[in-house]
Amino acid sequence: MPTHAKRKITRRIYVGNVPIGGGAPIAVQSMTNTDTRNVSSTIDQIDRLSEAGCEIVRLAIPDKEAATAFKEIKATVKIPLIADIHFDHRLALAALDAGADGLRINPGNIGSEKAVTKVVKVAGKLKVPIRIGVNAGSLQKDVLLKHGHPSPEAMVESALIHVKILESLGFDLIKISLKSSNVMNTIRAYELLSEEVDYPLHLGVTEAGTLISGTVKSAIGIGYLLASGIGDTFRVSLTRDPVDEVKVAYEILRALDLRHRGPEIISCPTCGRCEINLFDLVEKVEKALSGIEASPKVAIMGCVVNGPGEAKQADIGVAGGKGHGILFKKGEVMRKVPEHELAEILISEVKKLVN
Ligand code: SF4
């Protein structure tokens, strides 16, 4: 069995019905990138995220119109929604009134003390948690001046300032994130913060980038922290369809053996020994199985050198030959299948197994 550091046990909060912290499964989040004011396209994206296994969705609420749309969206979808608000406490109040399951605000930047108190009191009464989201790119001026640059220490100091504001108002349904686009700074910041507080932590590497660079940065930053026992929920951020963020999130959790969702496809890179079109086969199988929640192991291997070994250890496997593949099921050789039928047969065998 792989060894992880013991998970740090944080306080438990709930975002809607999703438990965060206190030993709960690490929750997967994402954020819509539609215009929140476009209710139908936002609902459509939330539904797709939910189908992919996303457990909490965050929406940007930049103005009054978006807050009105948020109410309509909240009334339609079942998944917990977090309202992301900057600068205007009235939008936070509108989101709470609309039934937001969580707020992402920085209490120090949503208005006067009176305004902050108002929002925090309503959130407390409704038991709606607040995520303090410190971002290296938008650190408050005084902290930045003191540290000279958005160092991990500066990010932690900023987070603790916001935490104190909430605590002084008797509010403790707190979750904290410290995001930087620099992976090493992100890791260090969360490590420092984790020593200071026992509030649940929301992990993320911000502005992570495209599918390849964003996946690598997130897998290293978030993966390292999770493997160290730090973090209770996270969002992978990618410059593309957020459904891919959810897919990457589950692959990170799977690699760390923390959570498993969806079939695990093991495939070889191919080499000069491969005599079937493996790329095409893997793509077809992956696409056809993408909606499945169960997590069988499916091995798709190019030849008989390593193929049978991997295929035998999988729930379903195939090892390619010349114009055909040998099908394995639970370690047993089933039969020889012509190449043109391989995709269809593999897909139907996996579906049979999970049903
Ligand atoms: S399984 Fe066969 S085809 Fe695939 S990489 Fe290994 S040797 Fe090459």
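No lab work stands behind these numbers, since they all come straight from the coordinates. Bear in mind the structure is a predicted one, so any value in this text is a computation, not a measurement. Reconstructed Cβ throughout: ideal geometry from the backbone, glycine too, with neighbour counts over all protein chains shown.
Both radii come from the Cα set of segment 163-255: Rg as radius of gyration, Rh as Kirkwood radius; their ratio Rg/Rh reads 1.01. Per residue, the average separation of C-alpha pairs within less than 8 Å and at least 6 apart gives segment 254-355 a relative contact order of 23 percent. Rounded to the nearest 20 debye, the dipole size of the chain about its Cα centre is 640 debye, using +1 on the Cβ of Lys and Arg and -1 on the Cβ of Asp and Glu. Stretched out straight at 0.36 nm per residue, the stretch from residue 142 to residue 220 would grow longer than its current Cα-Cα span by 25.0 nm.
Segment 1-72 and segment 184-214 have Cα centres separated by 17 Å.
Per-residue extension of 0.36 nm, minus the Cα-Cα distance of residue 109 and residue 213, leaves a gain of 34.3 nm for this segment. Per residue, the convex hull around the alpha carbon atoms of segment 75-208 comes to 109 Å³. Here the Kirkwood formula, the inverse mean of 1/r across different C-alpha pairs, assigns segment 76-115 a hydrodynamic radius of 10.5 Å.
Do any trypsin sites (Lys or Arg not before Pro) in segment 61-130 lie in a loop, going by DSSP, with at most 14 other beta-carbon atoms within 10 Å of their beta carbon, and if so which?
In loop regions of segment 61-130 (DSSP not H, G, I, E or B), the sparsely surrounded trypsin sites (Lys or Arg not before Pro) are 78, 127.
Compactness check for segment 25-89: Cα Rg over 2.2 N^0.38 Å is 1.05. The trypsin sites (Lys or Arg not before Pro) of segment 284-336 that meet both conditions, a loop assignment by DSSP and at most 13 other Cβ atoms within 10 Å of the site Cβ, are 322, 330. Panel note: the C-alpha atoms of segment 124-168, placed on their principal axes, show extents of 39, 19, 15 Å (largest first). Assuming a ≥ b ≥ c are the square roots of the Cα gyration tensor eigenvalues, decide whether segment 278-335 counts as rounded (a/c under 1.5), prolate (otherwise, with a/b larger than b/c) or oblate. The shape class here is oblate. Working from the pairwise distances between different alpha carbons, so that the mean of 1/r is found and then inverted, what is the chain's Kirkwood radius in Å? The Cα-based Kirkwood calculation yields 21.9 Å. Calculation over all alpha carbon pairs of segment 80-151 in 5 angstrom steps from 0 returns a P(r) of 3, 17, 27, 21, 13, 10, 7, 2, 0 percent.
Here is the size of segment 221-353 from its Cα atoms: Rg then Dmax, 16.2, 48 Å.
For the chain, what does the helix formula give at 222 nm: sum of -39500 (n - 2.57) over DSSP H segments with n ≥ 4, over the residue count, nearest 500 deg cm²/dmol? Estimated from H runs of four or more residues: -13500 deg cm²/dmol. Normalised by the number of residues in the chain, the average gap of Cα pairs under 8 Å and 6 or more apart makes the relative contact order 13 percent.
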